[in-house]
Every structure is written in C-alpha cells, then in structure tokens.
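Shown next, in structure tokens, is the structure this report addresses.
The values are calculated or read from the model by the stated rules, or taken from the named source; none is laboratory data. Bear in mind that the values here come from a model prediction, so they are computed numbers and not experimental data. Backbone-built Cβ (ideal geometry, glycine too); neighbour counts: all protein chains shown. Remember, those area values only see protein heavy atoms, side chains included, never the ligands or the DNA or RNA. Shrake-Rupley method; radii C 1.70, N 1.55, O 1.52, S 1.80 Å.
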Amino acid sequence: MGDNAGGERKKRWVYGKTRDVVHDKYVKLLNEAKQRPIATTVPTVENYLIYWLSEVIEPNREAQTYAQYETLARLYVIPALGRKRLDRLTVRDVQQWVNKLPNTCQCCAQGKDAARPEQHSDPRKRRRCCAVGKCCKAYPSRRTIQAARNTLRAALTNAQTEEIISRNVARMVKLPTMRKRARGKTTWSVEEARTFLESAKDQGDPLYAAWVLILVLGLRKGEVLGLRWEDLDLDAGELSVSMQLQRVRGQLIHKERTKTQESTDVLPLPAICVTALRIRQKRQEAENVARDRRWDGKGLVFTTRQGRPIEPRNVNRSFLHRCERAGVRTIRVHDTRHTCGSLLAALDVHPRTAMQILRHSQISITMEIYTEVPADITREALKRLGESLGRQQEG
C-alpha cells in the first residue's frame with residue numbers, strides 16, 4: 001500500500017519474471033513502507049529534472065546556477081538517462097553513462113555540426129566536421145563530466161528529501177580516470193604580456209585599463225566589466241571586487257559577487273593600474289560629454305561609447321583582435337591570470353602587496369614566484385610603460 005498526493009491509501013504493485021523475484025521486491029517495498037510513505041506514481045528522470053529545475057532551483061537559486069544545471073541536464077543527463085523511471089535508476093545505469101562520456105563526441109551527440117547549413121558564404125559557418133564524416137572528437141573534460149554527475153546527484157538528493165526514492169545512486173558512482181589533454185603552452189611570459197600592453201597603449205585601445213587589471217591584478221572578465229567607480233579609491237590606490245557582469249539566459253546581469261570572502265576583499269592597486277584607470281576616467285568623461293544626453297547607468301568603469309555595459313563576448317573578440325595586432329600568441333582571456341604573479345614581480349611590486357593581490361595565505365608562496373624574475377630589459381620596459389602612462393595622464 002502507498003499514499004497518493006491526497007493522503008489516501010492506494011495499492012502499489014510489484015512485478016517480476018518469477019515468484020521469488022516478486023517476493024523479494026514485495027519484502028523490500030514492505031520494509032520501505034515501514035520507514036516512510038511510498039509514492040504510488042514515480043516520474044521518469046527527465047520529468048523529475050524538469051520539475052526540480054523549475055520548482056526547486058529556479059525560484060531559490062541564482063540565475064547563473066539555474067542556467068548551469070539546466071544546460072548540463074539537457075545536454076548530458078536527459079539524453080542518456082531521461083527515460084528511466086526515477087526509482088528504477090541503478091548505480092550501474094549511472095556508472096555506465098559516466099564511463100561512456102569521455103569517449104562521446106559532443107559535437108556528434110548534440111548535432112552541433114549538423115545544425116550548420118551545408119552551404120554558406122562564410123566557410124566557418126558551414127558543416128565542416130562531424131556531419132560530413134570528419135569527427136572533431138569534441139570530448140567533454142573531466143570537469144564537465146563531474147558537473148553533469150553532480151547535477152544528477154543534486155536532483156536525486158531532492159527526490160530523497162521528497163521521499164520519492166530511498167537512496168541516491170549517483171553518490172555511489174566513481175568518475176572514470178581520464179588522461180590529461182595534451183595542450184600547448186597557454187600562459188604568457190612577462191615579455192609577451194608587456195608586448196600586449198604596449199600595443200594596446202600605443203594604439204589607444206579603449207579597453208587598455210581593463211587589460212591592465214586583468215593582467216596585473218588577475219581579475220576575471222566578469223569582475224572587470226562589473227567594476228563601478230564607487231568600488232575604486234584611486235587616491236588611496238585601492239579596489240574592491242564586489243560586483244560582476246555576466247550574460248545569463250540571454251540577459252546581462254550585474255550582481256553582487258559573494259562566492260567567497262576573498263571576493264570582497266580590498267585589493268591594493270599598483271601604480272600602473274591607478275594611472276590606467278585615471279586615463280580611462282578621462283576618456284569616459286569625454287565620451288559622456290560627446291553624447292546628446294548624459295547616461296544615467298550604474299556607474300560602470302567600462303562601458304561602450306554610448307554608455308552601455310560591455311557585452312562579455314565582445315571582450316573575447318577584442319582580446320583576440322588585440323593579440324593579433326600585438327603579434328603575441330593567442331590564448332584565452334582567462335589564461336592571462338597565470339601571468340599575474342610574474343608580472344607583479346617584474347613591476348617591482350612589494351611581495352607583501354603582491355601577496356594581497358594574489359590572495360596567498362603565506363608569504364612563502366608569493367616568494368616562490370618572485371624568485372623567477374624576468375630579464376632586466378623587460379623590467380625596464382615595463383617601468384617605461386608606467387612612466388609613459390603617467391606623462392599621458394598629465395598631458
């Protein structure tokens with residue numbers, strides 16, 4: 001017997017190929033009924049995930065969290081396990097799914113290339129790999145597989161709380177051992193960072209101050225784009241990282257960043273950052289005067305000429321374009337964070353100040369970076385870069 005949504009007593013049936021199988025299921029169900037109410041109707045994994053996302057996650061979690069869960073559920077969990085009934089999902093089912101993911105090309109599985117047109121004026125937008133028999137082997141990373149497993153595990157935990165299932169089978173699954181992907185060098189040397197910054201400065205890049213903050217302070221793209229003038233004290237040389245700008249589910253969201261305590265720590269600003277920000281301030285004021293009406297936005301440091309927030313994806317494009325113009329290796333914006341410590345050493349920033357910027361808990365960790373200083377010619381070039389900025393500001 002079981003309880004339905006109205007609290008009424010209702011029969012629950014068990015089936016099997018033999019009498020012994022049915023008896024075992026009956027005993028198991030009877031024992032569960034003694035411990036908790038037994039649901040008489042159990043949804044499939046797909047239906048429960050849809051309910052969990054819309055009724056549990058979306059109203060109670062941040063938009064970005066919902067977007068991540070929804071994407072992982074739609075692209076990874078539901079295609080493989082969606083038709084399984086929730087209470088019939090086994091450890092083996094989940095383990096086999098997880099084991100297959102490292103060798104499943106997601107371009108093939110999600111039909112990414114097949115969605116492109118066969119003919120297009122731009123060759124980059126035509127079908128070019130999986131749909132034409134040239135699999136691009138876009139295998140998911142271990143981190144993605146772990147996130148997909150965690151999405152299922154979180155949903156099953158909620159199903160346990162709602163007493164739909166008695167155990168969470170995703171908790172018992174082990175992630176497969178995966179070989180680390182062979183990648184080229186994705187970190188700039190201090191010399192490459194200097195070349196990049198000099199190119200941006202000499203050519204009047206409107207995002208020059210953003211590149212300085214990303215390279216020298218190691219700030220994330222969203223943190224830089226979400227920076228407000230009220231977060232800065234240029235006279236004291238301090239910056240507070242408290243907000244970030246992100247595009248979530250088609251909307252630009254400017255939200256408070258509270259993921260960790262360090263997120264809202266006040267960071268010291270090296271001189272090159274202060275000077276670059278003062279130049280940015282003057283440029284924004286000039287753009288503001290040039291417009292017909294004054295922009296009454298959120299006081300963002302980095303905006304378009306029209307005074308609007310900058311689209312994060314446009315920063316990626318601008319960065320790639322800047323790499324090409326500077327003649328340096330093309331890497332991701334996020335990869336520049338690894339150059340931060342070496343750049344601080346080259347700028348002769350005091351180790352204690354660098355320790356605050358890098359969020360190190362011990363000075364010994366910072367000093368390990370400071371022992372690998374670049375050549376004197378690079379240090380002098382960076383010093384001249386700061387000095388030239390100072391003259392530009394005074395002019």
Exercise. Beta carbons within 10 angstrom, averaged per residue: use that to sort the peptides 62-69, 119-126, 42-49, highest first.
Key: 42-49, 62-69, 119-126
Quiz item: Which entries in Lys28/Lys84; Lys221/Lys255; Lys125/Lys221; Lys112/Lys134 show an alpha-carbon gap greater than 24 Å?
Solution: Lys125/Lys221
Exercise. Any chance you could get the radius of gyration and Dmax over the Cα atoms of segment 182-222, in Å?
Key: 11.4, 37
Quiz item: If you wrap segment 99-154's Cα atoms in a convex hull and average its projection over all directions, what's the area in nm²?
Solution: 4.5 nm²
Exercise. Lys and Arg at +1, Asp and Glu at -1: add these up for the other residues within a Cβ distance under 13 Å of Asn99 and post the number.
Key: +4
Practice problem: List the residues whose amide H sits under 5 Å from the amide H of Leu267, counting only those 5 or more places along or on another chain, with H placed 1.01 Å from N in the peptide plane. | Solution: Leu239, Ser240, Val241
Practice problem: Whole number in Å², please: accessible area per residue of segment 91-152, 1.4 Å probe, ligands, DNA and RNA not counted. | Solution: 62 Å²
Quiz prompt | FRET E, pair Lys125, Asn60, Förster distance 41 Å, beta-carbon r, rounded to 0.05 | solution = 0.55
Quiz item: Ignoring ligands, DNA and RNA, what percent of the accessible area of segment 116-233 is carbon or sulfur (1.4 Å)?
Solution: 45 percent
